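First comes the structure, then the notes that go with it.
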Amino acid sequence: MPRVVSISGSFAVVISLSSCTTGPLNGTPYSGASTVGATFSFQGYTNRQSESISLQSLISPTADPTQDASWLPFATTATGTNPLPVGDPSNPLYSWSITAAPAPAGFTGWPVGGVLRTRAVSQDNARTLTTFDAPTFSACLGAGLEAGDTWATIGTSCNGLGSGMVALVSTAATPLILPAAQQPDWLGYKGDITTAQTETYYGSWGAPATLGAFKTTYGFTGSDPTATYYNDNDLGIGREMHCHKITSGSGGVACYVSNYSATAGVGSFGDNPTTVLANAIAHSGAFATVAMVYTPPANSPNSVKFVVYDKNQNRTDTAKLDTVGAHVSVPNNCLTCHGIDSFFLGGQVNGNAKFLPFDPSSYVFSTQSGFTLSAQQEAFRQLNALIAQTPLTAAENDFLAGSYAPNSVNTPGAFASDAYVPSNWVSSTGQALQSTYLGIVKVGCRTCHMSATNASLDFLEETDWTPTLVNTIRRYICQPASASGSARHPMPQAQRTTQKFWQSGARGLLITGWPYQASGDDGFEACVP
């Protein structure tokens with residue numbers, strides 16, 4: 001049953017719901033040092049036995065994928081003769097599989113660190129086979145099989161971003177390997193201030209001079225909710241988080257988090273999580289502690305405050321948050337994520353600074369008893385319940401509600417789910433929107449963008465991704481750095497998040513599902529550093 005599919009503005013191709021590619025999935029990362037000669041297991045099904053299948057690669061990242069001449073065959077196989085009924089015994093499927101190299105010797109269309117698009121075509125009747133996305137296919141397939149759906153129904157509900165294409169993503173080269181002058185300006189969006197300006201800022205709200213004084217000032221008791229984890233997606237450090245409801249004065253919420261690396265007292269990033277977590281659990285040499293306070297009235301200047309303490313627990317004017325350390329001034333580097341519409345001006349932070357909900361799915365945990373994710377789920381719920389008492393954005397509130405559904409963040413014993421997708425990113429006609437959210441937004445955008453008070457930037461709805469914004473996103477992520485020293489890839493804004501994003505399949509999903517939203521193309525389909 002062929003149909004014409006157009007996903008998120010991408011080109012239309014004729015695909016068949018009873019003919020599909022089930023491996024590799026769209027957005028599959030490949031970490032090998034060389035793309036040429038790398039082999040993959042290609043497999044799928046059609047509803048015809050002994051049907052010839054041609055596997056093809058796009059000849060160059062910028063070639064027009066709607067033209068047959070743009071595709072280079074690299075392998076041929078055929079379906080078998082053993083029928084496989086999937087909810088419809090009268091219309092069985094037949095499997096095909098082959099191990100092949102989509103970038104054979106002499107092929108130049110898949111640069112290291114870039115994206116290669118492949119497709120499978122039935123040579124019997126020129127059907128381009130349906131493709132599925134890595135972030136969503138397994139769960140979608142499982143749900144369909146459990147429901148007893150036919151393969152045609154599964155093909156409809158699980159169809160993804162690729163429109164008949166599978167993007168393989170080389171992760172061997174990322175912006176982190178670029179020369180210093182060409183690397184992204186991580187944490188640079190808010191600019192820098194002097195240490196004297198930071199001291200003035202601290203004085204404007206009476207930031208305690210030591211960590212001990214901070215705990216006393218805001219009433220920490222030692223029995224407040226606490227969690228220990230490795231912040232894998234944002235900073236690449238170990239953290240021991242404490243939060244407390246302020247009961248004195250006008251009330252509010254205060255939190256402090258002690259930061260750990262693999263070496264006691266040394267600020268380093270991306271160290272082995274096992275070593276880092278062991279240090280955090282043993283309280284072996286925190287290299288810094290970052291603290292935040294919210295006091296009413298909500299959304300007023302300095303209602304959310306930041307202060308940093310050094311390894312000796314004395315107040316400090318700077319905080320290094322990545323291996324480069326180009327932007328260390330407080331509170332500016334904090335504001336890069338804690339309120340992307342916030343800014344420091346006139347000695348204070350405007351009312352758009354925000355606390356961020358805790359997202360356990362983005363952390364790594366120890367296997368030591370008491371420090372696993374399961375053992376700390378209730379602590380995270382309690383921490384998030386306190387965060388919910390601060391002024392949050394619509395996207396932050398939706399994240400908390402969706403993560404703890406069908407319970408709430410205030411339900412004792414409720415666990416956070418890592419399957420949260422905002423309702424406006426859910427479609428019943430395929431997985432394209434869900435894949436976009438889980439495979440792109442969640443990986444590289446959500447943590448900071450959910451803090452946006454500007455609704456068009458909070459990515460709570462698919463409609464936030466307007467044609468203009470899609471073009472900007474592609475350019476910010478994929479435009480390569482210039483040999484003359486011009487830095488590119490300004491998003492994501494954190495070094496660690498950039499690394500994780502480029503080591504995922506997100507760029508393949510972006511290229512296949514969200515092409516340039518104008519005539520022609522922007523030339524960034526290779527999406528290389």
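The values are calculated or read from the model by the stated rules, or taken from the named source; none is laboratory data. Just so you know, these numbers come straight off a predicted model, no measurement behind them. Don't worry about glycine lacking a Cβ; one is built from the backbone with ideal geometry, like all the others, and counts go over all protein chains shown. Surface areas here come from the heavy atoms of the whole protein model, side chains and all, with no ligands, DNA or RNA. Shrake-Rupley method; radii C 1.70, N 1.55, O 1.52, S 1.80 Å.
Results, tabulated for the structure shown:
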item: Surface share of carbon and sulfur [accessible, 1.4 angstrom probe, percent] for the chain; result: 53
item: Helix-only mean residue ellipticity at 222 nm for the chain, each DSSP H run of n ≥ 4 adding -39500 (n - 2.57), per residue, nearest 500; result: -6000 deg cm²/dmol
item: Amide H within-cut-off set for residue 74, under 5 Å, with H built and near neighbours excluded; result: 55, 56, 57
item: Residue-wise HN-Hα coupling along segment 27-44, computed from phi with Karplus coefficients 6.51, -1.76, 1.60 (Hz; x: Gly, Pro); result: x, 7, x, 9, 9, x, 5, 10, 8, 5, x, 5, 9, 9, 8, 8, 7, x
item: Solvent-accessible area per residue for segment 469-509 (1.4 angstrom probe, square angstrom); result: 31
item: Segments 506-517, 476-487, 315-326 sorted - mean Cβ within 10 Å per residue, highest first; result: 506-517, 315-326, 476-487
item: HN-Hα J in Hz across segment 351-357 - Karplus 6.51, -1.76, 1.60, θ = phi - 60°, x for Gly and Pro; result: x, 9, 5, 9, 5, 10, x
item: Long-range HN-HN contacts of residue 19 with modeled amide H, under 5 Å; result: 130
item: Integer Hz, Karplus 6.51/-1.76/1.60 couplings in order for segment 472-477, x for Gly and Pro; result: 5, 4, 4, 5, 5, 8
item: Listed peptides 263-273, 67-77 by packing density, highest first (mean Cβ within 10 Å); result: 263-273, 67-77
item: Two-site label geometry, residue 153 and residue 299: point separation in nm, points 7 Å out along Cα→Cβ; result: 4.6
item: Segment residue 124-residue 200, extension gain: residue separation times 0.36 nm, minus the distance between their alpha carbons; result: 19.9 nm
item: Hypothetical label at residue 394: residues of segment 437-456 whose amide nitrogen lies under 14 Å (7 Å Cα-Cβ projection); result: 450-456
item: Accessible area per residue in Å² at 1.4 Å probe, computed on segment 64-169; result: 39
item: Two-decimal ratio, the chain, of alpha-carbon radius of gyration to 2.2 N^0.38 Å; result: 1.05
item: Cα gyration tensor category, rounded, prolate or oblate, for segment 101-200 with a/c compared to 1.5; result: oblate
item: Whole-number D in µm²/s for segment 161-288 (Stokes-Einstein; Kirkwood sum over Cα pairs; 20 °C, 1.002 mPa s); result: 118
item: Amide H partners (placed H, <5 Å) of residue 93, local residues excluded; result: 84, 86
item: Listed residue (468, 424, 368) projecting farthest to the positive dipole end of the chain, Cβ model; result: 368
item: Stretchable slack from residue 361 to residue 81, in nm (0.36 nm times residue separation minus alpha-carbon distance); result: 96.5 nm
